[in-house]
There are 2 protein chains.
Amino acid sequence: MRRDIFQAIADPTRRAIITLIALQAMTPNALAEHFDTTRQAVSKHLRILTECELIKQEHKGREIYYQLEIDKMKEIDKWIEQFRKIWETRFNQLDDLLSTIKKQKK
Amino acid sequence: MRRDIFQAIADPTRRAIITLIALQAMTPNALAEHFDTTRQAVSKHLRILTECELIKQEHKGREIYYQLEIDKMKEIDKWIEQFRKIWETRFNQLDDLLSTIKKQKK
DNA sequence: TATATGTGCAACTTTTCGGTTGCGCAAATA
DNA sequence: TATTTGCGCAACCGAAAAGTTGCACATATA
């Protein structure tokens with residue numbers, strides 16, 4: 001099974017899970033209430049997210065609280081960074097262009 | 001067919017395509033040379049990327065140059081932003097803690 | 001101790017995905 | 001005009017994904 005973060009966040013339910021537990025750790029049952037699927041399906045998503053270390057478990061009696069491994073999210077941010085550089089450069093170029101026009105007006 | 005950006009960037013080949021054409025617009029044939037698949041397979045990826053408006057075509061004779069719609073990439077960045085806020089907050093909290101410890105030492 | 005609850009795991013099914021092959025079409029070239 | 005080249009599209013195939021159902025197991029609770 002190929003498991004990487006990008007494949008993990010491809011599924012909308014998994015993205016919703018990530019957003020939910022980003023605020024506070026939650027149990028599978030609590031999470032399942034938010035979706036129109038079975039608890040087992042949610043559990044499966046949690047396993048996938050755990051496998052690529054996007055979330056981690058915290059056992060509390062018979063309950064298992066899942067919480068976000070925020071640092072792992074940085075890996076996605078790292079990939080986006082190369083593009084952020086591009087759009088920031090373009091923005092600056094536009095900025096330069098605008099100020100050049102401004103100067104010409106004077 | 002459900003097509004969203006996150007599903008689009010889930011595939012490693014598609015991510016590579018995006019990175020390649022971010023630098024300069026390319027034709028399907030030119031792109032295919034970079035991968036160990038057929039031109040048709042690449043073409044299929046290009047169609048998916050086009051469908052979710054991550055790339056756009058520019059016809060030049062019988063050749064089609066594909067180029068990145070950099071603005072669309074911002075949507076991914078937008079999703080990441082909520083988590084960036086979290087890790088920046090935590091970083092600042094750690095920073096506060098460290099300076100508190102420093103003060104106590106004095 | 002018997003029962004209820006919270007959970008993960010395995011088996012199975014249906015859908016989706018990524019790839020190949022074969023085709024047709026338009027533009028360039030001989 | 002005949003041929004080559006660049007391309008998209010449709011049909012098909014195997015693998016993987018996402019969901020359901022049924023089960024086992026540990027921890028609470030009566």
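Coordinate-derived values only; no laboratory data. These numbers were taken from a predicted model, which means no experiment stands behind them. Quick reminder, even Gly has a Cβ in these numbers, built from the backbone with ideal geometry, and neighbours come from all protein chains shown.
Label-point spacing for A:F35 across the identical copies (point 7 Å from Cα in the Cβ direction), in nm and ascending order: 2.8. Taking the number of Cβ atoms within 10 Å of each Cβ as an exposure proxy, the fewest-first ranking of B:D36, B:D11 is B:D36, B:D11. Annotation: the residues A:L23, A:L46, sorted from fewest to most other C-beta atoms within 10 Å of their own C-beta, follow the order A:L23, A:L46. Largest GNM mean-square fluctuation among B:I17, B:I80, B:I48, using chain B with Cα springs under 10 Å: B:I80. For B:Y65 and A:E53, a Förster radius of 41 Å and the Cβ-Cβ distance give a FRET efficiency of 0.60, rounded to the nearest 0.05. Nm distances between the label at B:K78 and the same-position labels in the remaining copies, 7 Å along Cα→Cβ, shortest first? Label-point distances to the other copies, shortest first: 2.6 nm. Axis-proximal residue of chain A for the rotation onto chain B, reported as residue and distance in whole Å: A:A10, 2, based on Cβ position.
Applying 0.36 nm per residue to the separation of A:Q82 and A:L97 and subtracting their alpha-carbon distance, the gain on full extension is 3.1 nm.
Pairs over the 19 Å Cα-Cα cut-off, from the set A:K44/B:K72; B:K56/B:K78; A:K74/B:K56; A:K60/B:K85; A:K72/B:K78: A:K44/B:K72; B:K56/B:K78; A:K74/B:K56; A:K60/B:K85.
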